[in-house]
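The values are calculated or read from the model by the stated rules, or taken from the named source; none is laboratory data. In this text, all values refer to a predicted model and were calculated from it rather than measured experimentally. Cβ placement follows ideal geometry from the backbone for every residue including glycine, while neighbour counts extend to all protein chains displayed.
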Amino acid sequence: MPQHNFKLPRGRIDYLEVDSTALKNNVLGDPSKRSIAVYLPEGYDESDKDYPLLVDIVGFTGSGFGHVGWKAFGESVPQRIDRLVEEGRMGQVIVALPDCFTSLGGNQYINSMAMGGWADFLTLEMVPVIEDTYRVKKGRDHRGIFGKSSGGYGAMVHGMLYSQTWGAIACHSGDMDFELCYRGDMADTVTHLANYDGGVKEFMDKIQSGKKLSGTDMHTLMILAMAATYDPDPAQPFGVRLPVTSDTCELIEDRWQNWLAWDPVTMIDRQEVQDNLGSLRGLYIDCGARDQYKLVYGARQLVKRLAGLDINHHYEEFPDNHSNVDYRMDISLPYLYEAIE
């Protein structure tokens, strides 16, 4: 079993609030004032030095706040960074861990007419507030963003579209190849929604008034969140319309194409995406060879394309699945630090 980290974080954790314009009037009705945990390294208050900035965006159903909390036989992100610094594997950094949770259970960290302007929140609102508040090294060359699963997807898309903000990214087990990782869930989603006469509102009423979520509830909620992200319809309840018919589960082609336009294995064909990725100081990707969501195949496709385009990157495939793989940050965090120090 993994060794438990009994040490308290050596630095301190601050909390900031950003009253976001980008998130106002989102269809979900979620608050636009969002909080960010900021880990300041040991000695921050006694020094006058500036530090690189890392931003941690988490997976579906998560929040940055979950990464500052206690973990059995594990460690929080602040504890992990302290240990990596102590082992001489990286230097000190400031880490921002934003709370980007939504009423649909998660976030893909892109702009959506339903979910809100999450990419703008991170790049145009959060980063400037952090720079105004703390001694971080200025400029994109000293900033990195990382995450796993939905957070890995977000990090990858931010590298593809927002390289003016981020100098390096790390994508752990990120969502890609939507045909494999999402398409197969559509029939189960339609079947489960049929218990509520196919109604998203009726399903969400049950979720929000219930005591707990079943596994089927959670998978259905995830697909609804993806629909509200990749192909939102603000006129529909929670901004959700599915890319399949409710009776035969046949693809509605134009809607599905809207999803695929956000698939990293599709996005890589765009020149602006290639230029942005090529400009990064660090591009890290990994995935478990037994990933139960089939994400390793999308990772292999993307990496093959990156190699063909001669875009510098670092890829690792490891003998594990999608779950409980925070230990991979032992590799990605030093990599990011070296890229942005």
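Table: residues versus (1) under 13 Å from the mean Cα position of the chain (by Cα); (2) in contact (Cβ under 8 Å) with a residue 12 or more places away in the chain.
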| position | (1), (2) |
| --- | --- |
| ILE94 | no, yes |
| ILE110 | yes, yes |
| MET113 | no, yes |
| GLY117 | no, yes |
| MET126 | no, yes |
| ASP132 | no, no |
| LYS137 | no, yes |
| ASP141 | no, yes |
For this session: Scan (1) out of contact with any helix residue (DSSP H, G or I) (no Cβ under 9 Å at 6 or more places or on another chain); (2) within 30 Å of ASN111 (Cα to Cα); (3) surrounded by 13 or more Cβ atoms within 10 Å (Cβ to Cβ) for the single condition ASN25 breaks and write down its number.
Result: (3)
Exercise. What is the number of the single condition among (1) free of Cβ contacts under 8 Å to residues at least 40 places away in the same chain; (2) closer than 18 Å to SER103 by Cα that LEU23 does not meet?
Worked result: (1)
Exercise. On the given criteria, is ARG305 in the same structural domain as PHE146 (by TED's automatic domain parsing) and either in a helix (DSSP H, G or I) or among the hydroxyl-bearing types (Ser, Thr, Tyr) (or both)?
Worked result: yes
Exercise. In region 58-80, which residues are farther than 18 Å from ASP14 by Cβ and not in a loop (DSSP other than H, G, I, E, B)?
Worked result: ARG80
For this session: Would you mention how many residues in region 11-42 are more than 15 Å from PRO128 (Cα to Cα) and either modelled with pLDDT under 95 or assigned to a loop (DSSP other than H, G, I, E, B) (or both)?
Result: 13
Problem set entry | Test set (1) buried (at least 21 other Cβ atoms within 10 Å of the Cβ); (2) within 16 Å of the chain's Cα centre (by Cα) - LEU161 fails condition number | (1)
Problem set entry | Residue in region 236-267 that is farthest from ALA187 (Cα to Cα), counting only those that are touching a Leu at 6+ places or on another chain (Cβ under 7 Å) and outside any helix (DSSP H, G or I) | VAL240
Seminar exercise, completed: THR165 passes all but one of the listed conditions (1) touching a Ser or Thr at 6+ places or on another chain (Cβ under 6 Å); (2) outside the structural domain of GLY298 (by TED's automatic domain parsing); (3) of a type outside the set (Gly, Ala, Ser); the exception is number (2)
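Let's see how each residue does on (1) in a loop (DSSP other than H, G, I, E, B); (2) hydroxyl-bearing (Ser, Thr, Tyr); (3) assigned by TED's automatic domain parsing to the domain that holds VAL200; (4) under 27 Å from ALA235 (Cα atoms):
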{"residue": "ASP82", "(1), (2), (3), (4)": "no, no, no, no"}
{"residue": "VAL85", "(1), (2), (3), (4)": "no, no, no, no"}
{"residue": "GLY88", "(1), (2), (3), (4)": "yes, no, no, no"}
{"residue": "GLN92", "(1), (2), (3), (4)": "yes, no, no, no"}
{"residue": "ALA96", "(1), (2), (3), (4)": "no, no, no, no"}
{"residue": "SER103", "(1), (2), (3), (4)": "yes, yes, no, yes"}
{"residue": "ALA119", "(1), (2), (3), (4)": "no, no, no, yes"}
Seminar exercise, completed: Restricting attention to region 81-122, the residues that are surrounded by fewer than 24 Cβ atoms within 10 Å (Cβ to Cβ), in contact with a strand residue (DSSP E or B) (Cβ under 7 Å, 6 or more places away or on another chain) and of a type outside the set (A, V, I, L, M, F, W, C) number exactly 5
Exercise. In region 171-190, is there at least one residue being surrounded by 24 or more Cβ atoms within 10 Å (Cβ to Cβ) and either of a type in the set (Asp, Glu) or within 18 Å of ASP120 (Cα to Cα) (or both)?
Worked result: yes
Exercise. Within region 218-232, is even one residue farther than 23 Å from TYR153 by Cβ, not assigned by TED's automatic domain parsing to the domain that holds ASN25 and not small (Gly, Ala, Ser)?
Worked result: no
Problem set entry | Scope region 197-220; condition touching a residue at least 24 places away in the same chain (Cβ under 8 Å) and buried (at least 22 other Cβ atoms within 10 Å of the Cβ); matching residues | THR220
